[in-house]
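The values are calculated or read from the model by the stated rules, or taken from the named source; none is laboratory data. What you see is a predicted model; the values in this text were computed from it and never measured. Don't worry about glycine lacking a Cβ; one is built from the backbone with ideal geometry, like all the others, and counts go over all protein chains shown. Ligands, DNA and RNA are stripped out before the accessible areas are found, and what is left, the full protein with its side chains, is counted by its heavy atoms. Shrake-Rupley method; radii C 1.70, N 1.55, O 1.52, S 1.80 Å.
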Amino acid sequence: MKGSSVIQKILSRPGPAASLSDSEVVTIALYQELIGEPREDHFFRLHAEPLRAYFPGLNERSRYNRRKRDLWSVILAVRMALQIILDALAVCRRENRAA
């Protein structure tokens, strides 16, 4: 994804580097979707402490939520790429069973 000039333009921001990388924000956001927790405040309240073991740069809820909203298009692109891969794997499995 970082090889895309469109995504690089989205990711470029002025100022110092964030303590939580964009890829970490995308990972946490996808995890939040996978566990079915749509409310950001509820998700952060329940999962922030356990997530800090894996993402030590995780800061306060409002900063995470702003970054997540800024990265919506990257999150969508990753979600779509994962869906394409999962669909291709499902087709391969079906073909292997049929053979």
Exercise for the section: Please identify the pairs in which a residue from region 64-88 that is touching a residue at least 24 places away in the same chain (Cβ under 8 Å) and small (Gly, Ala, Ser) has its Cβ atom under 9 Å from the Cβ atom of a residue that is open to solvent by 40 Å² or more (accessible area, probe 1.4 Å) and part of a helix (DSSP H, G or I), counting only partners at least 6 apart or on another chain. Expected result: Ser73/Val6; Ser73/Ile10; Ala77/Val6
Handout entry: Any chance Ser19 is assigned to a helix (DSSP H, G or I) and either small (Gly, Ala, Ser) or open to solvent by 70 Å² or more (accessible area, probe 1.4 Å) (or both)
Key = no
Problem - Some residue of region 60-70 being closer than 23 Å to Ala18 by Cβ, at pLDDT below 90, touching a Phe, Trp or Tyr at 6+ places or on another chain (Cβ under 6 Å) and assigned to a helix (DSSP H, G or I) - result: yes
Problem - Members of region 82-99 that are outside any helix (DSSP H, G or I) and either under 23 Å from Thr27 (Cβ atoms) or touching a strand residue (DSSP E or B) at 6+ places or on another chain (Cβ under 6 Å) (or both) - result: none
Practice task
Go over the candidates Ile75, Ile35 one by one and state the one that is at pLDDT 90 or above and either more than 20 Å from Ser19 (Cα to Cα) or open to solvent by 40 Å² or more (accessible area, probe 1.4 Å) (or both).
Solution key: Ile35
